[in-house]
Amino acid sequence: MSALTFTPSGIYCPAGDFYIDPWRPVSRALITHGHADHARSGMGAYLATDIAAPVMRHRLGEIALDTAAYGEVRQIGGARVSFHPAGHVPGSAQIRVEVAGEVWVASGDYKIVDDGLSTPFEPVKCHHFITESTFGLPVFRWPDQAEVARQINDWWAQCAAAGKVAFLGCYALGKAQRLLTMLDPAIGPILTHAAIEHTNRIMRTQGIDLPETVLANADLNPKDHPGALVLAPPSALGSAWARKFGVQETGFASGWMALRGIRRRRAGDRGFVISDHADWPGLLSAISETGAENIYVTHGYTDIFARYLTEQGWNAQVLKTEFGTDTEEDAA
Amino acid sequence: MKRFAGLFNAIDQSTKTTVKVAALAEYFHEATEQDRIWTIAIFSGRRPKRAVTTTRLREWAAEVAGIPLWLFEDAYPIVGDLAETIALVLPPAETVSDHGLSYWIDMLRALPQVEEDARKQAVLDAWNSLDPTQRFLFNKLITGGFRIGVSQKLMTRALARATGRDEPEMAHRLMGDWDPAQVTWQALIEAEDPAANASRPYPFYLAYALDAAPDDLGPPVAWQAEWKWDGIRGQLIVRAGEHYVWSRGEELMTDRFPELARARDFIPDGTVLDGELLAWGDMAPQNFNALQKRIGRKTVPRKLLQEAPVILYAYDLLEWQGEDLRHNPLADRRAILEDLCMGLPPDAPVKLSPTIDFDSWVALADIRTAAREAQAEGLMLKRKISPYLTGRKKGDWWKWKLDPLTIDAVMIYAQSGHGRRANLFTDFTFAVWNGNDLVPFTKAYSGLTDAEFRQITAWVKKNTLERFGPVRSVTPHHVFEIAFEGIQASPRHKSGVALRFPRMARWRQDKPVQEANSLADLNEMLEIYG
Ligand SMILES: [Zn+2]
Ligand SMILES: [Zn+2]
């Protein structure tokens with residue numbers, strides 16, 4: 001029997017009797033990272049990295065959560081299990097499972113570039129590699145983070161000079177904190193929506209260094225913070241809460257902003273191309289470096305990407321999962 | 001190319017007309033004469049002769065990107081634009097170029113004369129020296145179709161601002177057959193032009209939609225009712241022995257409708273008429289499909305001129321004997337208009353759009369229900385004492401349109417949107433019941449909110465039955481109310497009907513799939529309204 005199998009509840013390890021990122025309630029779940037489509041409620045017991053744990057506790061409430069450090073090896077039944085950095089968001093992991101010499105890696109979501117916040121991605125040798133393909137098309141190639149930082153700061157400075165508030169829409173867990181490290185606090189104050197500030201506080205408590213932010217709650221008077229940039233989840237852009245800040249421009253930070261059509265529909269005034277997922281060259285280099293022959297493609301352009309890998313000589317197949325649904329696709 | 005790319009970015013990133021006009025006006029101040037002329041040419045739909053086929057472009061792009069052609073072809077519908085797909089798949093440029101827009105255009109214009117190998121090398125060298133935005137624009141110069149949110153009108157306004165001249169004059173100057181490779185800025189924009197004054201139209205007066213019955217408008221006797229025609233709103237100007245036809249978009253369409261030239265034989269100089277451009281049958285307007293064949297054609301084949309002759313169905317008189325009548329009451333203007341039209345021979349390309357007699361709002365509501373039979377979209381109500389105002393103003397003119405036709409249909413295919421909706425399923429095919437079968441009869445892709453599109457997208461992903469390229473067949477489950485403006489027999493369609501302006505009016509989450517309408521229901525509508 002294979003070390004990992006695919007069931008209607010999720011990716012399953014018979015030798016260790018556990019699931020990885022299951023989408024139905026199971027007794028034991030290993031979690032790659034805290035995003036909603038990977039860490040769901042209702043599991044009997046959870047195992048995740050120590051860095052991912054605080055956010056998961058905040059999101060899922062009272063859960064039975066055990067933690068492991070990157071690289072620490074656990075024996076679970078007949079399976080040797082370890083977590084390795086995926087570079088996606090702080091604490092995100094690829095999960096390595098070894099049973100009788102057969103090695104699988106379930107990579108969850110990942111990116112190759114060092115974002116300066118998450119523990120950088122490390123390739124893990126394996127026979128079977130489960131990869132995402134959110135941006136699995138050759139049209140996706142990310143610009144340098146420093147270049148995007150310059151674009152965002154220029155835009156912010158222009159807004160500030162014109163007396164406008166700069167609203168930047170982004171995913172609350174991971175992307176928001178990465179953007180915080182890229183912003184130039186000399187331009188003005190950084191305000192945050194409550195959903196983002198919660199995550200900021202958790203990360204600061206666990207020792208992650210983030211610049212100073214001000215929670216933009218109901219009592220805040222926008223006039224007290226001229227030249228501000230407001231970080232908010234996409235759903236809050238244009239809401240009644242956002243409108244009380246007066247004259248504003250909105251920007252949106254996501255890998256989807258690489259496509260002009262989506263940029264024009266979603267971005268409001270500006271779209272910034274920055275993603276916590278691997279771009280096309282990133283996916284290909286990650287897959288090559290595993291040395292795996294068998295590739296399983298999950299959320300994204302699965303059919304196209306698997307066909308390409310097959311033509312390039314891999315034994316690739318599409319895996320039907322419930323990853324990559326809801327908000328993540330917009331904010332990826 | 002850098003300056004042109006900067007202009008493009010400024011326009012593309014903004015939805016605000018003022019920002020776009022300012023960016024264009026600034027560009028017209030700064031750019032070289034050749035770049036300015038080519039920019040005007042490009043934004044008004046002119047481009048250099050195509051030097052390379054899109055087939056070759058795709059092949060070369062896939063080759064340089066090191067990907068199989070099928071992968072390029074699969075990515076293209078997701079991106080939604082060929083020029084952009086090429087710009088994105090290519091590896092980053094290895095060199096930098098300082099050349100301006102007209103340099104690249106001259107290079108492309110020279111390409112048809114060289115061998116294919118040299119042509120390919122020239123395109124590849126260009127790709128390798130331009131950043132992604134510049135590459136996208138370079139590709140657009142080859143493929144055409146610069147749809148970047150700059151209308152002719154917006155560009156005209158920017159030019160007017162940059163040159164200190166007025167808009168209608170600019171609009172007129174940009175019409176016709178000028179060649180960007182030959183013309184000078186002086187000749188195109190600045191030289192004295194006596195024809196400009198003669199051609200100048202009046203701004204159109206536009207009506208607001210009436211959202212309830214007109215009972216609140218006061219006594220019916222103060223109002224004039226007309227059919228609201230389903231054509232193109234137009235102004236016919238006869239001055240100084242010439243005639244000019246303007247559309248509501250202030251586009252000069254004189255050459256599109258050559259039959260209107262005969263108006264000069266019957267209508268004296270110093271006359272401006274407001275009315276509807278329509279395809280005329282023997283005694284009455286033809287339906288919109290007939291006019292549709294004429295729209296977008298710059299030259300009209302003789303056969304089409306006979307099948308779908310265009311007239312101006314006149315309903316207002318703005319200038320008479322060289323005098324601006326717009327401040328006179330409608331009733332007075334109408335009286336002169338009626339006299340004028342009375343004297344026209346039956347084959348004149350101008351006819352009088354009749355008024356409708358009615359003595360109560362209830363009676364008028366009754367008349368309105370017959371609008372479809374009259375090839376009209378509804379009624380127009382105009383206050384008899386009203387002057388001819390400028391733009392959309394509330395109070396004196398109202399349009400009272402028919403409610404759309406509707407039918408409840410089942411979604412059976414879904415396709416992701418193009419361009420700005422590439423990651424959502426937005427294009428759906430709908431079917432009605434025929435016994436136990438579902439017969440597709442229309443596509444629709446608008447009418448839902450973004451939130452609804454996201455919701456249906458998540459559902460489609462989980463309920464896909466089969467994939468055919470970008471199209472997915474889905475479990476028949478969701479019922480949508482499809483609204484449309486007209487229905488016609490169409491042997492090309494499996495269902496035998498074609499709808500006009502179909503859109504999703506409502507997502508009927510309350511309706512089980514069995515309760516959707518049937519083909520018999522559609523045929524009944526065809527019988528009544530077709
Ligand atoms: Zn994730
Ligand atoms: Zn994911």
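A few comments on the model shown:
- Annotation: amide H-H contacts under 5 Å for residue A:46 (H modelled 1.01 Å from N, sequence separation of 5 or more, or interchain): A:29, A:64, A:65, A:66.
- The per residue volume of the convex hull around the alpha-carbon atoms of region B:205-401 is 118 Å³.
- DSSP bridge analysis restricted to region B:205-401 gives an antiparallel fraction near 85%, rounded to the nearest 5.
- Amide H contacts under 5 Å for residue A:323: A:299, restricted to partners 5 or more places along the chain or on a different chain, H placed in the peptide plane at 1.01 Å from N.
- Residue A:147 versus residue B:185: modelled label distance in nm, points set 7 Å from Cα along the beta carbon direction: 3.2
- Averaged over the residues of peptide A:137-149, the number of Cβ atoms from other protein chains lying within 10 Å of each residue's Cβ is 4.
- Reachable aspartates and glutamates from residue B:461, criterion Cα separation under 19 angstrom, eight or more residues apart if same chain: A:37, A:132, A:303, A:322, A:326, A:328, A:329, A:330, B:74, B:427, B:450, B:452
- Put simply, when A:141-147, B:489-495 are sorted by average Cβ atoms within 10 angstrom per residue, most first, you get A:141-147, B:489-495.
- For peptides B:128-140, B:354-366, B:255-267, sequence by mean Cβ density within 10 Å, most packed first: B:128-140, B:255-267, B:354-366
- For residues of B:471-480, the mean tally of beta carbons on other chains within 10 Å: 0
- Structure note, pairs A:175/B:120; B:153/B:382; B:2/B:153; B:462/B:494; A:320/B:443: Cα-Cα distances above 32 angstrom occur for A:175/B:120.
- C-alpha center-to-center spacing [region B:69-84, region A:109-178] in angstrom: 24
- Whole-angstrom Cα spans of region B:1-97 along principal axes, big to small: 44, 28, 28
- Straight-distance candidates among the aspartates and glutamates for linking to residue B:401, with alpha-carbon spacing under 15 Å and chain neighbours fewer than 8 residues away dropped: B:211, B:226, B:230, B:366, B:373, B:377, B:485.
- Positive minus negative residues near residue A:120 (Lys, Arg vs Asp, Glu; Cβ under 15 Å): -4
- Using a simple spin-label model with pseudo-atoms 7 Å out from Cα toward Cβ, residue B:437 and residue A:154 lie 5.9 nm apart.
- Rounded Å value of the spacing that divides the Cα centres of region A:262-281 and region A:1-76: 30
- Peptide A:254-266 - average C-beta neighbours from other chains (10 Å radius): 6
- For residue B:227, the residues 5 or more places off, or on other chains, whose built amide H falls under 5 Å of its own are B:380.
- Flagged links, alpha-carbon separation over 25 Å, of B:16/B:293; B:20/B:49; B:228/B:351: B:16/B:293; B:20/B:49
- Gyration tensor verdict on chain B (Cα atoms; rounded if a/c is under 1.5, prolate if a/b is larger than b/c, oblate otherwise): oblate
- Isotropically averaged projected area of region A:145-272, using the convex hull of Cα atoms (one quarter of hull area), nm²: 7.4
- A simple spin-label model places the labels of residue A:125 and residue A:285 2.1 nm from each other, with each point 7 Å out along Cα-to-Cβ.
Every read-out reported here was derived from the displayed coordinates using simple, explicitly stated rules and does not represent laboratory data. Computed from a predicted model, the values in this text were never measured in an experiment. Don't worry about glycine lacking a Cβ; one is built from the backbone with ideal geometry, like all the others, and counts go over all protein chains shown.
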